[in-house]
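Down below is the structure, laid out as structure tokens.
The values are calculated or read from the model by the stated rules, or taken from the named source; none is laboratory data. This is a predicted model, so every value here is computed, not measured. Note that we place each Cβ from the backbone using ideal geometry, even for glycine, and neighbour counts take in every protein chain shown. Accessible surface areas use protein heavy atoms only, side chains included; no ligands, DNA or RNA. Shrake-Rupley method; radii C 1.70, N 1.55, O 1.52, S 1.80 Å.
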Amino acid sequence: MVKKFNSLFERFLVFLTTSSFMLAVFATAAPVFNKIEQDKILINWVSFVIIFISALIFILIDQIFAREKIKTYLHIVVIVFYEFAAVLLCWFTGQLNLPYVLIPFLVIEYALSYTLNNLFVYHDIFITECGELSGKELETHLFHNNLGAIDFSAKCKVALALLFILPVILFLWIFTVLKIGYRISLPAICFLIIFLISEFFIFFISGIYKNDVFFGFLGFRDFLNDKRRLLRSVFAILGAAFIFAFFLSSDKALIKLTIKERPVTYSSVREIPKLNIEEPLNPNPFEDLEKILPFKKSRIPDWVFDLIYGIISWSFIAFLAFCVIRFFLKPFFTAHWKQYWKEGRLMKYLRYIFSEIKALFNFSFVKGKKQTPYSTVQSQKFSQGIKDYLKKAGRSKEKNEEIDRLTKYFMQVIDWGEAHKISYRSNLAPAEYTKLIENQFKISEAKKTGLLFEKALYDKNVLTAEEEKAFIEAVKKIIQLRPENQES
Amino acid sequence: MAKLQEKLNLKVSPLVIVTLIISIFFYLIMPYKLLQFICLGVFALILLSFLYAIVLKSNIGLERNTEALKLACKEKSEITFTIKNYSPLTAHVCYFSDSVPYFYIFDDGNKGVISLRPHEIKKITYKVTAQNRGLYHAGPVRIRTSDPIGLFLIDIEVTCPLEITVRPARIKLITEVIPGFPQGNLKINNPVYEDITMRRSVRAYINGDELKRINWRASAKFDSLFTNQYEDSFDAPFFVFLNLAEDDYDLHNRGYYSEKAIEIAASIVEKSRLLRQRCGFAAYGSGFPYLPPRQNQADCILDLLSLIKIEKGKLDYSPEKKFAQQLPTGTLIFVIGPREVEKYFAKVEADKENINTTNVGIMRKKHG
């Protein structure tokens, strides 16, 4: 199975979606949360930079973890250490209010990046599992080994659900901000548009990848012939939608919703009855019990119990602390970690990213292959014209059979001509059409074909066997010709 | 909603419908340009995709090059159909699948994924073969495509039926034609079968030639007597009787022997078509068909042989005696039954080269 899109492009979309979402939220929340008069700045340009760079780092970490097949729980270790690092950075730069907002939002950003990236990671696993198989072999292989496809479908559903919820949340948040009375700044609008576009492309690519699975199960390895043409169609639809929306949107609601408050009238004021609360009989039950049942004083002093309780509680806390420290520090002492740095896999991965960047630019800026010629529906009108002509003219059965036979061959010449941009028009006689082919491509057989076909069409007698054979051979020579070779 | 989808032949995810409803609702109530822009953008995207899918769906056509196909058992034949895109839009991913049950399809050519550019025609050809004779039907053809974004899935079934008649397998059997009666289509070097309507040439007069045979025009021209020479030709109508009585065949090889008998009958009928002789047919089989020898009847008989089945009972009459009075003089009668099939197999096992209807006992004494 062949990957439809560059993996760098996919990860770039994930980065763009995550970062633009977070930046849009920050940009709209900044005027709400910042209280300049109280000198309480929770979101400033440093937050934006941290969020932006974090998105990049998170996607890199996700990819490395996916490549190295790191266990999922270690993401918790990463995010905790990252939060520490972010807090330390804020402390060093004197931005002491920023962590209050950064800590929760960095966790959200990491979760978003992980969930969206999983969609492409599991698709890569599915593609790798398919290998170089195609046709019946691929069909049989996927029939027996369908776990990759099932996993990808599950991750795809989660990612698409998230991509549905995110814009709704953002939409409602922006509505709330506007309703309160704040304005949406230009950067916020730009981040919002970038978020919507990148999210749209993730939807589009996930649709293609779902087709990968569908057609893979049918044995088709590579079903997308022309990616550029598809992308052009998508851009055209997107552009048309934007223009339509831009010109038709306004600041007036077509349906105004007003909320009326229902007036509540009090007929009488009720007196709240006072409760007589009696003093408790036994304020100190232990004192009373001592009077009723005098106990013997225990020989073990109280401080012993306090000591035992202290030992148990502190040893439990120490144990928990040890487990937590072990949980967070153990990954740095595994053989996998040591091997990773020893083999220089990080540098290799960065070099791989660089090659993907080159491939992406190559796809984007290098001219695609020439459009191959193809037959169109217009050429089919010729055979219908011949049939109508035959109905009008009275011909013998052999003549009709001969014309029917020869028309099929001449249709091949017309198809070949249409594919090489010599379009057939209904006012052209067969010899006139073949003359066009002869003039353009210097094919001598074209003239012979036209003359013989006209003779068969207009003469009462059937062609001789030699003439028919010569006609068929001339047609075969024409359709086998490649004009590019002739011109060169 | 499901009925509307069925009517339009479009499948759409519920998420798209929910998104559409939400975007319309919010567009109507939002008093802010930015939010209206987002809602309208989503609505326009879905609407444009829908229109793209509708235009594409109503402009994709499919037709077969023929409505009937006849092929012999175990022979390869090609089935062709054309997919046409009449619209100015591209069907980027178009999956087609032609249903051909009971046939072996080479390279899974009956299904594939193509892309149809605007106004493009694509001809799909694939090879099939059948193991058993009979009447089959190909079709419908299923086409599945979508708009470029993939929101609306087009799934249509085009009926375009194709009737496939699979005739009995071709076998190696020589049918020698014993001369029938004069003046026919088959040439023979024997003046007994002279056909005075088919003049061949003119030769010099030989003592004893009849006066009425002299070509006076040529004689006057060359000042010497010349006689007309005519083609010697004959006609040999065929009549094939096929015994498919169940009780006449042994139980353990009934199916195999009866199929071979049908193949032998088909081989003889094909020979009659090749020689352009009249051919008749009768059988003790399903329907008890009887066709007196007529011209251009071979196709009809072969179609009958494609569908005929064993009939219960036993053949208790001699076909030669029964049909003798109804057949024209000089008709070659071929009777195929279990004994003849056994002899045929014996010859095949002995690896004989010259296996023909005479030495296998199929051709009986000619009538008349």
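Between the exposed loop cleavage positions of chain A, defined as chymotrypsin sites (Phe, Trp or Tyr not before Pro) in a non-H, G, I, E, B DSSP state with at most 12 neighbouring beta-carbon atoms within 10 angstrom, the longest gap is A:296-488. Residue by residue along A:167-175, Cβ atoms of other protein chains within 10 Å of the local Cβ number 3 on average. Remark: the range A:136-221 carries a charge dipole of roughly 300 debye about the Cα centre, counting +1 on each Lys and Arg Cβ and -1 on each Asp and Glu Cβ.
Label positions at B:TYR290 and B:ILE24, each projected 7 Å from the Cα along the C-beta direction, are separated by 7.2 nm. Compared with the dominant Cα axis of chain B, that is its longest principal axis, helix B:33-58 is turned about 10°.
Choose one answer from B:GLN36, B:GLN229, B:GLN277: the residue with the largest mean-square fluctuation in a GNM of chain B with alpha-carbon springs under 10 Å. Of B:GLN36, B:GLN229, B:GLN277, the Gaussian network model singles out B:GLN36 as fluctuating most.
B:LYS343 contributes an accessible area of around 110 Å² to the protein surface, as traced by a 1.4 Å probe with all chains present.
State in Å² the accessible area per residue of the range A:75-145; use a 1.4 Å probe, count heavy atoms of protein chains only, and round to the nearest integer.
Value returned for the range A:75-145: 51 Å² of accessible area per residue.
Each chain gives up part of its surface: B and A jointly bury about 4700 Å² of accessible area, both sides summed, for a 1.4 Å probe. Here are some pairs, B:LYS122/B:LYS309; B:LYS76/B:LYS352; B:LYS74/B:LYS122; A:LYS421/A:LYS477; A:LYS397/B:LYS322; which of them have Cα atoms lying more than 30 Å apart in this structure? Violating the 30 Å limit, Cα to Cα: B:LYS122/B:LYS309; A:LYS397/B:LYS322. For A:ILE237, the accessible area of its heavy atoms, probed at 1.4 Å with every protein chain present, is near 20 square angstrom. Full extension of the chain between A:GLU467 and A:TRP314 gives 44.2 nm of extra length, using 0.36 nm per residue less the Cα-Cα distance.
Within the range B:59-138, the trypsin sites (Lys or Arg not before Pro) that combine a DSSP coil assignment with at most 12 other C-beta atoms in a 10 angstrom radius are B:LYS76. Between helix B:338-349 and chain B there is an angle of about 90 degrees, using the helix long axis and the longest principal axis of the Cα atoms. Counts of other chain beta carbons within 10 angstrom of each beta carbon in peptide A:232-239 average 4.
Counting DSSP beta bridges in the protein assembly as shown, what percent are antiparallel, to the nearest 5?
DSSP beta bridges in the protein assembly as shown are roughly 75 percent antiparallel.
Axis of helix A:135-144 versus longest Cα principal axis of chain A: the two differ by about 20°, to the nearest ten degrees.
Loop-located trypsin sites (Lys or Arg not before Pro) in the range A:63-105 (DSSP state other than H, G, I, E, B) with a sparse environment of at most 16 neighbouring Cβ atoms within 10 Å: A:LYS69, A:LYS71.
Using only Cα atoms, locate the centre of the range A:1-73 and the centre of the range B:37-90, then give the distance between them in Å, rounded to an integer. Between the Cα centre of the range A:1-73 and that of the range B:37-90, the gap is 43 Å. Run the 1.4 Å probe and let me know the accessible area of B:MET198, rounded to the nearest 10 Å². Its accessible surface works out to 70 Å², give or take rounding. Along the charge dipole of the range B:1-122, which of B:CYS94, B:ALA68, B:ALA44 sits closest to the positive end, that is, farthest toward it, with unit charges on the beta carbon of Lys, Arg, Asp and Glu (+1, +1, -1, -1)? The listed residue farthest towards the positive side: B:ALA44.
When only the Cβ of Lys, Arg, Asp and Glu is charged (+1, +1, -1, -1), the dipole of the protein assembly as shown relative to its Cα centre reaches about 1560 debye.
Shown for the protein assembly as shown: the carbon plus sulfur share of the solvent-accessible area, taken with all protein chains present and a 1.4 angstrom probe, equals 60%. Note on B:38-50: average number of Cβ atoms from other chains within 10 Å of each residue's Cβ is 6.
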